[in-house]
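What follows is one structure encoded as structure tokens, with my remarks underneath.
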Amino acid sequence: MQNEKRLNRREFLTWTAVSAVGVLAASCAQPTPETIVKEVPVEKVVKETVVVEKEVAVEKVVKETVVVQKEVAVQKEVIATAAPVKYKEAPMLAKLVAAGKLPPVEERLPLEPCVMKGREGIGKYGGTMRRCFNGVSDRWGPTKLQDRALFWFDADFNLVPRVAKSWEVNADGSQWTINLRKGMKWSDGMPFTSEAMKWRWDNEYMNKDITPGGMSSPFATGKEKTPMVMETPDDYTVVCKFAAPNPLYFIVMGGRADRWVPVHYVKHFHMAFTEDKAKLEKEYKDLGLNNWQAYYAEKIAFHLNPDLPRVGAWLAKNKLSEEMFIMERNPYFFGVDEEGQQLPYIDKVTHRLFTSPDVKNMWVLNGEIDFQYRHMAFSDFTLYKEGEQKGDYKVFVGVGAGHTAMQVNHTTKEPKLREFFNNRDVRIALSLSVDRAVVNDIVAEGLGTPRQYSPISLSPQYYPKLSSAYIEYDPKKANALLDGAGYDKKGPDGFRLWKDGSGPISFIIEGTDQTGTPGEDAVLVVCKYLADVGIKATYNYAERSLYTSHYEANEIEAASWGGDRTVLPLVAPIIWIGRQPDRPWCPGWGFWYADPTNPNAVEPPADHWIRDIWDIWDNQVLRESDAKKQTELFFKILDIWAEE
């Protein structure tokens, strides 16, 4: 079931469909240059038509056909120099500069900042964006607000530079060159250079203590999963080389904001680089951690370590474990608006801990939440709309990528249940047994679209065959399929029995929807529909950190968890290819793919269709450079989903 809702504070922000710096969408074009045209002699006698090309300072190639019959030809040459830009900064930073506590804004920005275009024009400085969250495990709300990556997509799905200034790629995608922004700095004022990426690759991703299973696609290619080789010929150039074609490399990893670390800070927490190993060992043991790798992981997590230098728009000022998590503007942020104002506009972002939906809704109605989609439930739509005027906010409804969904674990540790879930007819029967229209009314007040988890209609990879597969409500057919699968016997309570006569067939659906929420109501309705066809399912709420520990141990039998990544699935295919364990439809297989030595890994049968999915993704989609063919190949994966 696909659904989404946007809530927006009128005085601050207007809803957009893409994440941005505050109210911004990235468009990293540079300011308009001052252009001078002059005539210069061409140092060659030309007797025929030629094309003269020259690359000039603003990275523009000028081409002109010139026909001459003289000893000295005249060629027009464009000389361009960027117009002088006087950068501006937030008043709170200007005060620090005046007091001598911060360098001038010109010294804090890169030589060529990323110029970002506001969705509603030029913004104003100041203010605090107030949001809410429900615990440390809910870190993705704050994370997505302040993460900034090498590249990302604009509103028209064009890949545009962010942290990187530009990039180049060879013909088959086996070599990518990233050009970083000269003069860019970490939030503590230290230079941001290619070392940040090279060091992390060599000493974290390629370190067997930290990454015991090694790297997978897109960072390793070919059937041998050969890791890429990273080279840094200078401080602002990173070259990524692959053993096999990897044309989707930037699409998959360009949006990731975790491909670098502040080496000057984190190396002290790495056992191979620390100057005092005994001190490091004492520190992690005093915290009750088992090894230095766990300590290192905490130190590079922005929500657990406010001292960590970053490059995002806002910086953590305390730990996410506190009741009020505060992020404050980064004085060294690398972006400016079209008038040269350093971003972000907003001074602070706060996340306030709520312990129940009622508390959250009270804050909304009181006008204490300024900009929030996360945790805004469709079932509260009417409540929010009725409170707009008094709370001085506005509710927006947009097309969303999220799905309300149930996943059955094909790799569950319970043998009889694993056999049950791995039966295709059983899975089809479970799908046909649920009336999605009723679930839609409960979760989304009828505003959602009943469908299978699949790319949405706005996606270039939209695939109706999967979206509509087995979504009709047909309990008669569901019962027939279950009978035909060998589960035709029932106990006195009406529930079906296992093939050996024991029973009843039962499993637990685990999720993070609390009591009284629409999410829980939806799962309970699903359980009722399953009971109507003789399957006993019960719902178990788990706080997110507990839920995480369960799926990491492959201890979840089935899950009620949303499905997302359906706008540009090629960017993040991890659910489709079974490598996202928090959507636990096959966590054991995913663990095995990443690291066969993982104690919770489950090796799939040699002829299983999950291996076909992996082969299609790793050896076909990732190697194809033509966008149309990439989509056609990805449809082969969606075909398997539709059929299975």
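Coordinate-derived values only; no laboratory data. Just so it is clear, the model here is predicted, and its values are computed rather than measured. All Cβ positions, glycine included, derive from the backbone under ideal geometry; neighbour counts span all protein chains shown.
Among the DSSP helices (H) of the chain, those spanning at least 20 angstrom by Cα along their long axis with an average Kyte-Doolittle hydropathy of 0.5 or more are 518-532; this is a geometric and hydropathy rule only. With coordinates expressed along the principal axes, the C-alpha atoms belonging to the stretch 484-615 extend over 47, 39, 29 Å, beginning with the largest. Extension gain for ASP307 to GLU283 (0.36 nm times residue separation, less C-alpha to C-alpha distance): 7.0 nm. The magnitude of the dipole of the chain, with charges of +1 and -1 set on the Cβ of Lys/Arg and Asp/Glu and taken from the Cα centre, is near 700 debye.
So for the stretch 271-412, considering every pair of alpha-carbon atoms, how many percent are separated by more than 18 Å? Tail fraction, whole percent: 73. Shown is the FRET efficiency for LYS317 and SER625, computed with R0 = 60 Å from the Cβ-Cβ distance and rounded to the nearest 0.05: 0.85.
Potential lengthening of the chain between ILE122 and GLU555 amounts to 150.8 nm, from the contour at 0.36 nm per residue minus the alpha-carbon distance. For a modelled paramagnetic label at ASN291, 7 Å from Cα along Cα-to-Cβ, the residues of the stretch 579-595 in reach, with backbone nitrogen under 18 Å, are 591-592, 594-595. For the pair ALA480 and ASN170, what calculated FRET efficiency results from E = 1/(1 + (r/R0)^6), where r is the Cβ-Cβ distance and R0 = 60 Å, to the nearest 0.05? Efficiency at R0 = 60 Å is approximately 0.60. Would you mind estimating how fast the stretch 211-271 diffuses translationally, via Stokes-Einstein at 4 °C and 1.567 mPa s with the Kirkwood radius over Cα pairs, in µm²/s? Here the translational diffusion coefficient equals 97 µm²/s. In percent, what relative contact order does the stretch 406-643 have, based on Cα pairs under 8 Å that are 6 or more apart in sequence? Across the stretch 406-643, relative contact order equals 22 percent.
By the count of other C-beta atoms within 10 Å, a proxy for reagent exposure, ASP258, ASP500, ASP347 are ordered fewest to most as ASP500, ASP258, ASP347.
Loop-located chymotrypsin sites (Phe, Trp or Tyr not before Pro) across the stretch 214-323 with a Cβ neighbour count of 16 or fewer within 10 Å are PHE273, with loop assigned by DSSP.
Just from its helices, what would the mean residue ellipticity at 222 nm be for the chain, if runs of 4 or more DSSP H residues each count -39500 (n - 2.57) and the sum is divided by every residue, rounded to the nearest 500 deg cm²/dmol? Taking each H run of at least 4 residues, the total per residue is -7000 deg cm²/dmol. Radius of gyration over Kirkwood radius for the stretch 565-644, both on Cα atoms: the Rg/Rh ratio is 0.97.
Each label was represented as a point 7 Å from its Cα along the Cα-to-Cβ direction; for HIS264 and LEU524 these points are 5.7 nm apart. Here the scattering of the stretch 406-643 is modelled by Debye summation over its C-alpha atoms, one equal scatterer each and no solvent; at q = 0.07 Å⁻¹ the log10 of I(q)/I(0) is -0.23. Stretching MET92 away from MET215 to a fully extended chain increases their span by 40.0 nm, per 0.36 nm per residue minus the current alpha-carbon distance.
Evaluated at q = 0.18 Å⁻¹, a Debye calculation over the C-alpha positions of the stretch 401-466 (equal weights, vacuum) places log10 I(q)/I(0) at -0.83. Along the charge dipole of the chain, which of SER560, SER216, THR512 sits closest to the positive end, that is, farthest toward it, with unit charges on the beta carbon of Lys, Arg, Asp and Glu (+1, +1, -1, -1)? Going by the charge dipole, the pick is THR512. With R₀ set to 60 Å, the beta-carbon distance separating ASN179 from SER502 gives a calculated FRET efficiency near 0.40. Projecting the alpha carbon convex hull of the chain along each direction and taking the average yields 34.1 nm². Global size of the stretch 149-256: 14.2, 43 Å for Rg and Dmax (C-alpha atoms, Rg to one decimal, Dmax whole). Qualifying GluC sites (Glu not before Pro) in the stretch 250-326, where qualification requires a DSSP coil assignment and no more than 13 other C-beta atoms within 10 Å, comprise GLU275, GLU322, GLU323.
Between LYS490 and VAL85, the simple spin-label model (points 7 angstrom out along Cα→Cβ) gives 7.1 nm.
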